[in-house]
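**Q** One structure follows; several queries about it will come next.
Just so it is clear, none of the values below were taken in a lab; they were calculated from the coordinates. The structure presented is a predicted model; accordingly, all values stated were derived computationally and were not measured. Positions of Cβ are backbone-derived with ideal geometry, glycine not excepted, and every protein chain shown enters the neighbour counts.
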Amino acid sequence: MGSQDLADAGFCVPAIKLINFMSGELVILLKEKGKAKQVFDLLDISDATKKDYQSRIRLFLEFTKSQGLNHNTFLKFKRYLKGRNNLAVSSKNKYLITAKIFLNELNRRGLIPVNITQNVKVFSQSRKHKKSGLNVEEVAKLSKELQQLEDNPKNLRLKVILSFLLFQGLRQCEVVRLDIKDVDLVNSLAFIQGKGADDKEAINLHPKTTQALKTYLKASKIADGALFTSQSNNHRSGRLTTRGIRKIVKDFFRELGIDKSTHGTRHFFVSQLIRSYKGDLLNVKKYSRHKSLEMLIVYDDNLKLKEDLPRFYKTFEDIKITNKQI
């Protein structure tokens, strides 16, 4: 395979001598990030996932500028990520997996002769939640403030978004994908496109969500298109993005002194269901739409651990090591 072959494949490659890959030397130079991003174009993935990959691959491309591309590049990239103390393990895995998919696709297209990602494992990651979701007291504070807000278009949009997050447990991507046509107020249904799903599925709307939707639609007078649109000057009337939702919700949380993420609403939703259904995870799975029970077991374990803490504390209450009583 020569430089012309690489150029024909969509890469801007300078005139270089391609050395036998088995010698561990550089085989391919990916100088232009824009061209490198095109590697993901033929993957059978959603547009949102493609954008994520295209954004994350930048770090790997910067790494190869100094390290080149040879048998050990992927392993060295993992070791480089391991030393990045400013990245969480989950973020490190995202960068590593993106690089792996990128390299595997180069190999599939014949642009590199071997798969250099084999036998390199991702970082071991705890399945327990690192961040806690909203608690009952915080949701009560949200509820009280929402009831006092003036019913203008901005606030009505906020109320419906939080209804979908708190009462339906929707993911942020599922909220922004909603169109007017996806809402059936007569039957209290919404048709959502779930995470990684090709088709839409029907969910039953809580009466509070239905009421919030009716008020919002009547006031906004939106007849077609996206259910939630941006009100910012730069993207006015365009579909609201996940980043936009995070900003809207985070700003509202901050006003109330709640230091939690937008995803914390889903934690609250699932936790409340587990409490209400007394650990019946199969029923919880129907409403939360988790693909497997694994993550719900994590939720259940965390809740049981918190409930059991008083007994754990009491076990050692007779042992004193300080003068102060706790």
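**Q** Could you derive backbone 3J(HN,Hα) for the range 70-76 from the dihedral phi with the Karplus parameters 6.51, -1.76 and 1.60 (θ = phi - 60°), listing whole Hz in sequence and x where the residue is Gly or Pro?
**A** Going residue by residue, I get 8, 4, 9, 4, 5, 5, 5 Hz, with x marking Gly and Pro.
**Q** Ok, one more. What FRET efficiency would be calculated for the residue pair V136, D198, taking the C-beta separation as r and a Förster radius of 56 Å, to the nearest 0.05? Walk me through the numbers before you get to the answer.
**A** On the way: r = 36 Å, r/R0 = 0.65.
For V136 and D198, the calculated efficiency is 0.95.
**Q** Further question on the same structure: Given H placed on each backbone N at 1.01 Å, which residues far from L189 in sequence or on other chains put an amide H within less than 5 Å of it?
**A** Those lying under 5 Å, H to H, from L189 are D184, L205.
**Q** So, in nm, how far is label T242 from label V122 when the simple model puts each one 7 Å beyond its Cα toward the Cβ?
**A** Using points 7 Å along Cα→Cβ, the separation is 1.5 nm.
**Q** Measuring from label point to label point, each 7 Å out along Cα→Cβ, what is the D308 to L189 span in nm?
**A** Placing both labels 7 Å beyond Cα along the Cβ direction yields 4.2 nm.
**Q** Non-local amide H neighbours of T229 (under 5 Å, H modeled in plane, Pro and chain starts lacking H): which ones?
**A** Amide H to amide H, under 5 Å and 5 or more residues apart or across chains, T229 pairs with L240.
**Q** Between R84 and Q231, what FRET efficiency comes out of the Förster formula 1/(1 + (r/R0)^6) with R0 = 35 Å and r the beta carbon distance, rounded to 0.05?
**A** My answer for the efficiency is 0.40.
**Q** Could you order peptides 151-157, 198-204 by the average number of other Cβ atoms within 10 Å of their residues, highest first? Write out the running numbers ahead of the final one.
**A** Numbers: 151-157: 14.6, 198-204: 12.4.
The packing order, highest mean first, is 151-157, 198-204.
**Q** Report, as a whole number in µm² per second, the diffusion coefficient that Stokes-Einstein gives for the range 53-197 at 20 °C and 1.002 mPa s using the Kirkwood radius over alpha carbon pairs. Can you show the working numbers first?
**A** Numbers: Rh = 19.4 Å.
For the chosen part, D equals 110 µm²/s.
**Q** Rounded, prolate or oblate: which one fits the range 193-324, using the alpha carbon gyration tensor with axes a ≥ b ≥ c (rounded when a/c is under 1.5, else prolate when a/b beats b/c, else oblate)?
**A** Prolate is the answer for the range 193-324, as a/c is 1.5 or above and a/b outweighs b/c.
**Q** So, in nm, how far is label L75 from label D280 when the simple model puts each one 7 Å beyond its Cα toward the Cβ?
**A** For the pair L75/D280, the computed spacing is 5.2 nm.
**Q** Further question on the same structure: What number results when the radius of gyration of the range 133-274, computed over Cα atoms, is divided by 2.2 N^0.38 Å?
**A** 0.99
**Q** A further question on this structure: So what's the Cα pair-distance distribution over the range 32-109, bin width 5 Å, in %?
**A** 3, 15, 28, 27, 17, 9, 2
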